[in-house]
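First comes the structure, then the notes that go with it.
The values are calculated or read from the model by the stated rules, or taken from the named source; none is laboratory data. These numbers were taken from a predicted model, which means no experiment stands behind them. Cβ: placed from backbone, ideal geometry, glycine included. Neighbour counts: every protein chain shown.
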Amino acid sequence: MSESKSDEIIKFEIKRKVGKITLNNGELNVFNRDLIYAFLDLLKEIKNNEELKKKVRVVMIQSDSPKAFSAGFDLKAVTGIDEDVIQLFMKDGGEFIYDLTTMPIPTLCLMNGYAIGIGFLIGVACDFRYCTEDTQFQLPEIIYEGMFPTHGGCTTLPKIVGLSNAKYMLCTGDRINAHTALKIGLVNECFKTKEEMLKKGYKFAKTMSTKNPLIMQLIKAAVHTCAKSNIEKGMAIEEEAFRIVASVDKDRDKLKDKFIEKYLLEKYYNK
């Protein structure tokens with residue numbers, strides 16, 4: 001995959017094994033049909049392209065806009081909801097959030113300004129989240145009659161901030177600021193400026209990219225399932241992962257892939 005041009009709505013570059021995804025769809029980075037499909041195609045390429053798998057060990061998502069990470073879906077596109085719109089926003093929008101959530105390698109989201117709706121849930125789908133002091137988080141679906149919070153709002157968010165905090169955001173539609181987000185564990189760190197966040201975020205991503213990729217992917221898959229398991233089952237999963245790491249089997253990578261499929265992907269399909 002070649003690096004993106006500056007005028008594309010989503011840009012991608014690889015630097016020292018960090019795959020940097022930059023939203024570039026105007027001042028508010030609203031998600032319309034083009035951005036949804038561009039994001040979905042890019043994520044599938046990162047997950048499935050064998051050459052990219054060798055080059056990218058961490059994915060970092062950021063915005064080109066000083067005003068917003070993303071203000072969410074383009075509400076003009078949902079006027080007069082029909083089957084095509086449902087397909088776009090529910091199935092296809094949900095698919096790229098699923099692909100991001102189940103990305104085998106670590107993911108980091110750097111948010112500034114508005115992080116609303118799907119823009120907020122992109123951060124929720126990532127493993128780590130940084131923000132600036134001016135970031136405003138919101139899930140506004142309850143405010144709009146006929147809309148329901150999807151794409152992980154009811155699924156993944158409670159696991160990060162707890163049931164009560166998640167219900168508050170979902171049921172009120174209120175915005176929360178960066179200070180509150182840091183307090184409830186929604187973000188890992190908060191920075192005064194976007195420049196500082198991007199610098200520290202890339203430094204963190206570079207550090208993560210130097211870790212053993214096999215162990216890193218096994219940890220991510222194991223944590224996703226162990227977090228919802230009892231101690232006995234959780235320790236059995238840890239032992240299974242340990243045996244893969246300690247194995248001298250030439251098919252160790254295949255064992256790793258099966259582990260990820262079993263404990264990371266199936267967690268969300270609930271098979």
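A few remarks follow.
- Scope region 213-237; condition closer than 19 Å to Glu261 by Cα and free of Cβ contacts under 8 Å to residues at least 40 places away in the same chain; matching residues: Ile215, Ile219, Val223, Cys226, Lys228, Ser229, Lys233, Gly234, Met235, Ala236, Ile237
- Condition check for Ala181: touching a residue at least 12 places away in the same chain (Cβ under 8 Å) and in the same structural domain as Ala68 (by TED's automatic domain parsing): yes
- Gly93 being at pLDDT below 95, crowded, with 18+ Cβ neighbours inside 10 Å and outside any loop (DSSP other than H, G, I, E, B): yes
- Condition check for Leu35: touching a helix residue (DSSP H, G or I) at 6+ places or on another chain (Cβ under 8 Å), assigned to a helix (DSSP H, G or I) and of a type outside the set (S, T, N, Q): no
- Which listed residue, of Pro149, Pro140, Pro213, is buried (at least 17 other Cβ atoms within 10 Å of the Cβ) and either of a type in the set (A, V, I, L, M) or closer than 30 Å to Leu52 by Cα (or both): Pro213
- Failed item, numbered, when Val124 is tested on (1) more than 25 Å from Tyr37 (Cα to Cα); (2) at pLDDT 95 or above; (3) out of contact with any strand residue (DSSP E or B) (no Cβ under 8 Å at 6 or more places or on another chain): (1)
- Selection count, region 95-148, where residues are of a type in the set (D, E, K, R) and within 30 Å of Leu255 (Cβ to Cβ): 3
- Which numbered condition Asp257 fails, given (1) surrounded by 15 or more Cβ atoms within 10 Å (Cβ to Cβ); (2) closer than 24 Å to Cys126 by Cα: (1)
- Check on Asp253, outside any helix (DSSP H, G or I) and more than 21 Å from the chain's Cα centre (by Cα): no
- Among (1) at pLDDT 95 or above; (2) among the polar types (S, T, N, Q); (3) surrounded by 22 or more Cβ atoms within 10 Å (Cβ to Cβ) - the single one Thr101 does not satisfy: (1)
- Selection count where residues are within 19 Å of Ile118 (Cβ to Cβ) and more than 16 Å from the chain's Cα centre (by Cα), scope region 15-28: 5
- Of the helices (runs of 4 or more DSSP H) that lie entirely inside region 184-247, those containing 2 or more residues that are touching a strand residue (DSSP E or B) at 6+ places or on another chain (Cβ under 7 Å) span 194-209.
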